[in-house]
Amino acid sequence: MTPKAAYAGIALGLLALWAAWQVYSGWGLVTLDFKDAPAGKVLSAISRQGGIEIATDLDPATPVSIQVKRVSPLEALDIVAVRTESSWRVAYLGAPNDTAIDSALAAFRSGQTAEGWAGHGAGGFSAVQTRAGAPLDMRLVEWQPSGGGELQQLLAQASEETGVYLSAPNDWSPQIEKIDGGRMGDAMPALFRQAGGVSREVFLVRGPAADEPRGDDDGGWRGNRSWVGAPPARAAGRERGSRDWGNPEATAKRTEAQIKLLPPEEQKEAREDTGMMREFWQSVRELPEEQRRAKAREFFTQPEVQERMEDRRLAREAKMTPQQRIDRSQRYWDRKAEAKYRGGGEQ
């Protein structure tokens, strides 16, 4: 082989390695360029490129515009959710067989609660957020179970202590003697296997409903709609919309588990913020509703609290379309005018 041919062979080898690295380094990342495309098409592209399963009750014809390059599937999903005024979360569904899971997801896609299913969905991940507004990957949150127990009890504990949504048939709750903890993406499939069943990791995207109030602070919608299964408290007959302060110990574990997903340099500030919020809510939880509201107004108008809320709002607003920002601003001023009218001219 001549030196020239050898150099050519080396160059081709290096080129092949470079191409392979480009593919490997971008594996699972998402690149999208859509303008007013159907949401169904956009979500399918995220699912295919990101290697995740997505289930949604959003109208597939809903127009979506999005242009991103090599972002995580969660970031792409978050942008779509903001721009369609939807909510989303990762979920682990378990059942004795795949057919039951398929039926539950079919009910969710049609906007219905899966009959006979319990849904454990404490907390979500709205209490902890990166400075840049990037969504937390809740598949990575750690759970350390306190011991064995019935399946439904373990699901409730895991959800309360991590914020991950978990769902399974109500009447399926075998005794689990021992379970290993770890990342939820590993621990939940293992738990369902120990119960003698199967599981599915799926990203749920829930579209807006006309009867739910819009949540301008978080860019989404608020309300009591179920995700897959009915919350156990509602199934037990607790009044819809009644206040539930939850388990403080589980809340603290959930918050800390989520803080550990943040970049190291952001964790100290996040602990300070959540500690301040926890102390405030504990101080007002026993007060009458009117006094609690007054204390909340006082607390949330503090400059340092306002600054943190503004940072969070700006991070969320960056994912909106220009028209969404205009509409959001208009709703804000409409509320201000209404409050001024009700207060007899007071700001």
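Of all residues in the range 165-179, those satisfying the criterion of being part of a loop (DSSP other than H, G, I, E, B) and at pLDDT 95 or above are Asn170, Asp171, Trp172, Ser173, Pro174.
Of everything listed in (1) within 23 Å of Leu136 (Cα to Cα); (2) in contact (Cβ under 8 Å) with a residue 24 or more places away in the chain, the single unmet condition for Ala45 is (2). Among the conditions (1) closer than 19 Å to Pro208 by Cα; (2) in a strand (DSSP E or B); (3) not charged (D, E, K, R), Leu58 misses just one, which is (2).
Search the range 57-103 for residues being touching a residue at least 12 places away in the same chain (Cβ under 8 Å) and polar (S, T, N, Q), and hand back the single one that is farthest from Gly28 (Cα to Cα).
Within the range 57-103, the subset touching a residue at least 12 places away in the same chain (Cβ under 8 Å) is 57-98, 100-101.
Those left that are additionally polar (S, T, N, Q): 62, 65, 67, 72, 84, 86-87, 97.
Numbers: Thr62: 25, Ser65: 21, Gln67: 17, Ser72: 7, Thr84: 23, Ser86: 23, Ser87: 22, Asn97: 28 Å.
Filtering the range 57-103 for residues that are touching a residue at least 12 places away in the same chain (Cβ under 8 Å) and polar (S, T, N, Q), the one farthest from Gly28 (Cα to Cα) comes out as Asn97.
Would you pick out the residues in the range 46-62 that are within 20 Å of the chain's Cα centre (by Cα) and of a type in the set (Val, Ile, Thr)? The answer is Ile46, Ile52, Ile54, Thr56.
Of the residues that make up the range 162-179, is at least one over 28 Å from Pro73 (Cβ atoms), touching a Pro at 6+ places or on another chain (Cβ under 8 Å) and surrounded by fewer than 17 Cβ atoms within 10 Å (Cβ to Cβ)? No. How many residues are closer than 25 Å to Ala114 by Cα and crowded, with 20+ Cβ neighbours inside 10 Å if we restrict to the range 133-151? Residues meeting the conditions: 2. In a residue-by-residue description of the range 258-268, the property of being surrounded by 12 or more Cβ atoms within 10 Å (Cβ to Cβ), at pLDDT 85 or above, under 28 Å from Pro208 (Cα atoms) and in contact with a Ser or Thr (Cβ under 6 Å, 6 or more places away or on another chain) applies to no position. The residue of the range 180-200 that is surrounded by the fewest Cβ atoms within 10 Å (Cβ to Cβ), among those that are in contact (Cβ under 8 Å) with a residue 40 or more places away in the chain and not in a helix (DSSP H, G or I), is Gly196.
The values are calculated or read from the model by the stated rules, or taken from the named source; none is laboratory data. Given the structure is predicted, the values throughout are model-derived calculations rather than measurements. Here the Cβ is made from the backbone with ideal geometry for all residues, glycine too, and neighbour counts use every protein chain on show.
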